[in-house]
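Just so it is clear, none of the values below were taken in a lab; they were calculated from the coordinates. In this text, all values refer to a predicted model and were calculated from it rather than measured experimentally. All Cβ positions, even for glycine, are placed from backbone atoms using ideal geometry, and neighbour counts span all protein chains on display.
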Amino acid sequence: MGFDWIAYNAGRIGELTLAHLWMTLTPTLIGLVIALPVGWVAYRYRRLYPWIVGVGGLLYTLPSLAVFIILPMMVGTQILDPINVLIALTVYTFALLVRSVADGLASVSPETNQAAEAMGYSSMQRFVRVQLPVATPVIMASMRVILVTNVSIVSMAAVIGVPQLGSLFTEGFSRRQTLPIIVGIVVCLILAIILDQLVVRASKWLTPWLPKERA
Amino acid sequence: MIVFDNVSKQYPDGTMGVDGLSFTADEGQITVLVGPSGCGKTTSLRMINRLLEPTGGSILVGDADVMSQNVVALRRQIGYVIQNSGLFPHRTVLGNVASLPIMLGMSRKDARARAHELLETVGLDASYAKRYPWQLSGGQQQRVGVARALATDPPYMLMDEPFSAVDPITRAQLQQEFLRIQSEVGKTIVMVTHDIDEALTLGDRIVMLRTGGHLAQNATPRELLRNPADEFVANFVGRARGYGALGFTSDVQLDIQPARSVRIGEQTANDDEWLVAVDDESRPLGWLRTDDEGIAQHADVEHATIITRADGTLRDIMDAALSSPNGRGILVHEDGTLRGVITLEEVTRAIRVSKGL
Ligand SMILES: Nc1ncnc2c1ncn2[C@@H]1O[C@H](COP(=O)(O)OP(=O)(O)OP(=O)(O)O)[C@@H](O)[C@H]1O
Ligand SMILES: [Mg+2]
């Protein structure tokens, strides 16, 4: 067993990688899309901020394995349904991001906000044209953490039998083979690094105004 | 025209920001709101474009009460400039100036062309157009702020301490350029400052407030200096009443004497006399005493001398005489060419005449 195992299983590893990628990206994007308006509400209505951020923090502390198991009971899905993983990761993403969005939006200086308002920008126009762009670096920094975390949480879903790279771990364990485990770890790592770098690039591209060298 | 009619603003916590304020800011003029910290200047200003709403009285912009106008339409007629510029940090200088016109549907190309023109108007070199706000000095940021406020050519401008966050030299420069711009654009401007000298320099009319948001005096700068309404106004105007009061053009006829001048590089008679050194276009450079060889040289010019216009204020003319090494001030025509010299005695005579002494 060795390279021929990898060669023989290349197709399957590829499939698992794609499944892993899909299960990482989908909830991250959905979480982001939900966190943007909710984060805006937390920013706009300061009294709601502690509640929204508090609930977010609470959700984030839930152990992922417990969520995978409890979620089917709550939403009535099958325990092996990948939808459970998607929902759980969406919740995590949202929980982490909502605070960054609210804080990032709040990082616009009062003078800039006032100037925009006085120029006749509606609060929606200020959100889209001023606050969101200025919040981008903060949001992107959180996105990096979230994506890498999600890559590793997804692999945990193998325990409840949803196929992705984590399946290589469970298989390796049950067959007492180290190679599938190593392959799983390495591919997970590469995936995490690539996603992380993509976010870094995207962030740089979206924020040309930031100083190039940040001390 | 902007009219305050018995306007009051009580904040939710009970503080009276402004109390029964009435004044008129005339078309095409600079009206300056001045007074000590906390007297309600910013509050007054922000009620004009409805960043705040009055709790009593009414404010007219044009002919209509601001509260009856569509708030966005109202704001689009009013440029707004604040102390720390409030530029968009994620937009270039050009982007900041062009952002509102683009949002309102002007083509990118036209908006950029207009922004370039405005940067030139406010005296910012085209090489700054691609920079971001953090790459500019405070004074440069204020220039961009003014350009951005002018971008849609609004008839009104509100300015809250626009020049107070920069050093005195830059401030004086910005003030002079601002007056030049205003002479070109002729906006109806309401400006806030706590600096009486700035108010006297820039204001066509000064509305002085006292603590509690009450009107203390509404007058032209000259009236304010000559006839302060009460002790509070007199104290606030302070030093400016003396020396500062000379800062207006006077109608006193001055006895200006012809000056002996010499061009740089020319040979002069070696009679140890003070001469006015001039350049090739007859513009004076300063006083000069010729050296042993009798050649007028740049290095010998007393550059500390202030040179001012013969039709300027008595204050400037006195500065010219006082800064001269020989008690005579150098005066120039409008085009900068040598007009003549004036003695310190003649300046003090003119001051006495202007004060009716
Ligand atoms: N949001 C607010 N709530 C309560 N009181 C306020 C509020 N904003 C301003 N005030 C009060 O209203 C008064 C006028 O404030 P304002 O900001 O108009 O003063 P100002 O003349 O602009 O002073 P400065 O020269 O210091 O800028 C002050 O007593 C201030 O404390
Ligand atoms: Mg103020």
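Annotations
- Counting neighbouring beta carbons within 10 Å and listing from fewest to most, the residues A:46, B:171, A:144 come out as A:46, A:144, B:171.
- One chain, two ends: residue B:131 and residue B:169. Fully extended at 0.36 nm per residue, the span grows by 11.3 nm beyond their Cα-Cα distance.
- Under a model in which nothing but the beta-carbon of Lys, Arg (+1) and Asp, Glu (-1) is charged, the stretch A:3-206 shows a dipole of about 340 debye around its Cα centre.
- Qualifying chymotrypsin sites (Phe, Trp or Tyr not before Pro) in the stretch A:34-76, DSSP loop, other Cβ atoms within 10 Å at most 12: A:45
- Backbone N atoms of the stretch B:274-316 closer than 13 Å to the 7 Å Cα→Cβ label point of residue B:334 belong to residues B:310-312.
- Local electrostatic count at residue A:39 - Lys and Arg +1, Asp and Glu -1, tallied over other residues with Cβ under 14 Å: +2
- 222 nm mean residue ellipticity, helices alone, for chain B (DSSP H n ≥ 4; -39,500 (n - 2.57); rounded to 500): -9000 deg cm²/dmol
- Between residue A:171 and residue A:8, the modelled labels are 1.1 nm apart [label points 7 Å from Cα along Cα→Cβ].
- Label zone at residue B:344 (point 7 Å along Cα-to-Cβ), backbone N below 17 Å, the stretch B:279-322: B:287, B:304-307, B:315-322
- Quotient of the Cα radius of gyration of the protein assembly as shown and 2.2 N^0.38 Å, N being its number of residues: 1.41.
- The overall shape of the stretch B:167-207, judged from the alpha-carbon gyration tensor, is oblate: a/c is not under 1.5, and a/b is no greater than b/c.
- Once Rg and the Kirkwood radius are both taken over the C-alpha atoms of the stretch A:33-192, their ratio Rg/Rh works out to 1.11.
- Whole-Å distance, taken between Cα centres, linking the stretch B:190-268 and the stretch B:342-357: 17
- Measuring nothing but alpha carbons in the stretch B:261-354 and taking Rh as the Kirkwood radius, the Rg to Rh ratio lands at 1.00.
- Of the residues A:142, A:100, A:122, the one that moves most in a GNM of chain A with alpha-carbon contacts below 10 Å is A:122.
- Modelled FRET efficiency - R0 30 Å, residue B:255 with residue B:179, Cβ distances, 0.05 increments: 0.55
- Between 0 and 90°, nearest 10: helix B:138-150 axis offset from chain B longest Cα axis: 60
- Sites residue A:77 and residue A:29, calculated FRET efficiency, Cβ-Cβ separation with R0 22 Å, nearest 0.05: 0.60
- Taking Cα centre as origin and charging only the Cβ of basic (Lys, Arg, +1) and acidic (Asp, Glu, -1) residues, the dipole magnitude of the stretch B:2-248 rounds to 780 debye.
- FRET efficiency estimate (nearest 0.05) - Cβ-Cβ, residue A:207 to residue B:279, R0 41 angstrom: 0.20
- In terms of packing, defined here as the mean over residues of other Cβ atoms within 10 angstrom, the peptides B:323-329, B:104-110, A:192-198, B:80-86 line up highest first as B:80-86, B:323-329, A:192-198, B:104-110.
- Look at the Cα gyration tensor of the stretch B:58-157: its axes a ≥ b ≥ c give a/c of at least 1.5 with a/b over b/c, and that counts as prolate.
- Projecting the Cα positions of A:160, A:53, A:43 onto the charge dipole of chain A (unit charges on Cβ atoms of Lys, Arg, Asp and Glu, taken about the Cα centre) puts A:43 furthest along the positive direction.
- Built from the Cα atoms of the stretch A:115-192, the convex hull projects on average onto 6.9 nm², one quarter of its surface area.
- Compactness ratio for chain B: Cα radius of gyration over 2.2 N^0.38 Å (N = residue count) comes to 1.18.
- Separation of the stretch B:278-327 and the stretch A:3-31, taken as the distance between their Cα centroids, equals 83 angstrom.
- With neighbours defined as other Cβ atoms within 10 Å of a residue's Cβ, the residues A:148, B:190 order from fewest to most as A:148, B:190.
- Between helix B:168-185 and chain B: long-axis angle, C-alpha atoms, 0 to 90°, nearest 10: 70
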